[in-house]
Amino acid sequence: MPRTLPPLRIAIDTGGTFTDCIWLERGHIRMLKVFSTPADPSQAIAEAVSRIDAGQSLTLLHGTTVGTNTLLQRKGARVALVTTSGFEDAIEIGRQARPRLYDLFFDRVAPLVARELRFGLSERVSADGDVLESTQPNEFERLRAAITAANAESVAISLLFSFANPKHEQAAAQALQSLGLPLSISHELLPEFREYERTSTVVVNAYLQPVMQRYLESLERRLTSQRDRSTQVNQQRTAVFVMQSSGGITPLATAAREPVRTVLSGPAGGLVGASAIARRSGIERIISFDMGGTSTDVALIDREVRAGTQSEIAGLPVGVPMLDIHTVGAGGGSLARFDAAGALRVGPESAGADPGPICYGRGTLPTVTDANLLLGRLQATHFLGGEFALDLDRTQQIVREWLKRQSSALTLEQFAAGVIRVVNANMERALRVVSIERGHDPRDFTLVAFGGAGGVHACELARSLGIPRALVPAFPGALSALGILSSDVVKDYSRTVLWRVHSKLPSGDLEREFRQLHQHAARDFRSEGWPGRPREQRHADLRYLGQGYELSLPVRPTLLRDFHAAHAKRYGYSHPDREVEIVTLRLRATQDASRGPRVWGKSRNTSSRTTAQPIKRSTVIFDGKQLSTPIYDRDQLPPGKVLRGPSIVTEYSATTAIPPGYRFRLDRAGNLLIDVPR
């Protein structure tokens, strides 16, 4: 009788250039990188799974960019918006805030729903939930006919004050079910006040729903079909989970129904992974720096990963919980160019996975990766563990010819150094946004650099911001996948209540509302087949009466006192005698998704050496100087041994460039710690 193998859990993060895979094998972390297939991301995933599959039941944990790319490229569904009559244009009017105060000719971000696809429903509910005007049955018939005639592919329903009384939204949803279109309903997705943000969130969900549903169902079919063709894995189960922007995974069916929760899927995994792996080195205050092929994602973590409730994606407000991640169009594949004035620019355009950088063999335009290769910071024969060689001769020839066509007198080395300075300046600005501009001193944090290109740029960025230490984690080129592999199942629930309080909490009302949220969570977890009871965290959003924005705090008996203290810390003052408003209640339910050892249990480095021997020496350019530089294999570095730059540390998933004057070592957790000179 054949031996039954334990289930195989694979975390896969789809990036712009590479698709990263992480899994556990006999308690050890394994990694695989394959080129992404932007036209159909599931193709690269299926290829990776076919190379890993060992005949077990498969659980795939997936970080996807499908939602993000759909929004950025405006290639989503044709959405019909159903809202309260008279509020059809709220989605376009938005807020009074202007992106540029004195620019009268700025271009506003166009709404995802055209004017002819917005339909008003004659109904009205008061802010307290009282029905003021009911919809007549014949109006639903008119609405169905109008949506059908408009050739809508998805429907968003967002009625005024539905968070206080969802009766009319429920009736509208029931009446429109016969259309056979995906429905996004605001009281189910985001039962909160602020009709503009709530409507925008529901519209984004409806815009993504058909695209994400097709993609995820296609991925599941492809994996199941591919595995069924092998007699070895015939009849074995395949389950797909998707990483959410809030830092937890959710089943495929839920992700297809609520894709707005996945728009920062991959970067969220990176943030979870960066926080967990830095903590293993005793570091809790970090600035994460994830530089991939097409973009760079940065975030600040002060002891714990927190999800915000008001974010913007592609200029559109999104109100579901999301980790606070700032993204810029700067990555290894970012294209260099000269503008009309002759100034060197880098990004946000990217060569992507196809055709990719020049050194990959197909691209014809210079990128950041090409510049690092020309400077010697990337080693042509030590890329992806030697599985893929970078073409230095092709890069030199094509870049030299390109510079001639630009009428540039720069040498290859001068041009490459300029590209690095420009892209570093772009990324430095992003790091300043999440630190200095929000009142944090970068000198109190550690820069955690990951992604395929993060380690190449980490030292220079840390020094420019005064950050005293950089950390390049184990498996840096696939840390997002590693974070996804360790993530729990997470579900977030909320409800706006708008209670006024002064000196005493409405404990009975709080318990009643949280009991309802708990019942909703328990029902959802039961329906998905999760055993046991999920862990819960209770938070409340509070503000002084008359304020426009809130602070979110854990719910406990000292909630009001905590609010006054938090307000003083954030804004420099508080009013303990002023009336407080409890605005929105939030419950986060978490279930451990792991069925094996925790992925952080094994140190990456297993070298027993006591001395560091470079695999070779090579000429590398730092600050315009050609320096003979030792090239180290990270797997062969002895833990605890202090080394000095200039050095290049290579490994399968990434390269770390360490300039002169920097000291570095591997710690017991397998992380590469770099001391930055002042």
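Computed from the coordinates by the stated procedures, all read-outs in this text should not be read as laboratory data. Computed from a predicted model, the values in this text were never measured in an experiment. Cβ coordinates were reconstructed from backbone atoms using ideal geometry, including for glycine residues, and neighbour counts include every protein chain displayed.
Computed values, structure above
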read-out: Exposure proxy order (Cβ contacts within 10 Å, fewest to most) of Phe525, Phe289, Phe415; value: Phe525, Phe415, Phe289
read-out: Pairwise centroid distance, computed over Cα atoms, of the stretch 184-205 with the stretch 529-559, Å; value: 19 Å
read-out: Sequence-distant residues sharing a close amide H with Thr19 (under 5 Å, placed H); value: Val34, Phe35, Ser36
read-out: Whole-Hz ³J(HN,Hα) from phi, Karplus 6.51 cos²θ - 1.76 cosθ + 1.60, for the stretch 492-508, glycine and proline x; value: 10, 10, 8, 7, 7, 10, 6, 9, 8, 9, 10, 10, 9, 6, x, 4, x
read-out: From phi via Karplus (6.51, -1.76, 1.60), per-residue ³J(HN,Hα) for the stretch 114-119 in Hz, x at Gly/Pro; value: 5, 4, 6, 9, 9, 10
read-out: Neighbour net charge for Ser480 - beta-carbon separation under 15 angstrom, K R +1, D E -1; value: -3
read-out: Helical contribution to [θ] at 222 nm, DSSP H n ≥ 4, -39,500 (n - 2.57), averaged over the chain, rounded to 500; value: -9500 deg cm²/dmol
read-out: Hz values of 3J(HN,Hα) by residue in the stretch 85-101 - Karplus curve (6.51, -1.76, 1.60), Gly and Pro given as x; value: 3, x, 10, 4, 9, 4, 5, 9, 5, x, 9, 7, 4, 10, x, 9, 4
read-out: When each of Lys404/Lys616; Lys404/Lys625; Lys167/Lys491 is checked by Cα-Cα distance, pairs over 28 Å; value: Lys404/Lys616
read-out: The chain: relative contact order in percent, alpha carbon pairs under 8 Å with at least 6 residues between; value: 13 percent
read-out: Alpha-carbon centroids, the stretch 658-678 and the stretch 78-106: separation in whole Å; value: 49 Å
read-out: Long-range HN-HN contacts of Leu121 with modeled amide H, under 5 Å; value: Thr83, Thr84, Ser85
read-out: Under 10 Å, Cβ to Cβ, from Gly385 - net charge with Lys/Arg +1 and Asp/Glu -1; value: -3
read-out: Antiparallel DSSP beta bridges within the chain, percent to nearest 5; value: 70 percent
read-out: Gain in span if fully extended, Glu284 to Ile436, counting 0.36 nm per residue against the direct Cα distance; value: 52.9 nm
read-out: Matching label, mean projected area of the Cα convex hull in nm² computed from the structure shown, candidates (1) 58.0; (2) 29.3; (3) 33.3; value: (3)
read-out: Computed over the stretch 334-421: relative contact order in percent, which uses C-alpha pairs under 8 Å that are six or more apart; value: 27 percent
read-out: Exposure proxy ranking, count of Cβ atoms within 10 Å, fewest first, for Ser178, Ser464; value: Ser178, Ser464
read-out: Amide H partners (placed H, <5 Å) of Gly63, local residues excluded; value: Ile12, Asp13, Thr14, Met243
read-out: Contact order normalised by residue count of the stretch 492-591, Cα under 8 Å, 6+ apart, percent; value: 48 percent
read-out: Kirkwood-type radius of the stretch 492-591, with distances r between different C-alpha atoms, in Å; value: 14.4 Å
read-out: Total formal charge among the other residues, if their Cβ is under 14 angstrom from that of Ala343, Lys/Arg +1 and Asp/Glu -1; value: +2
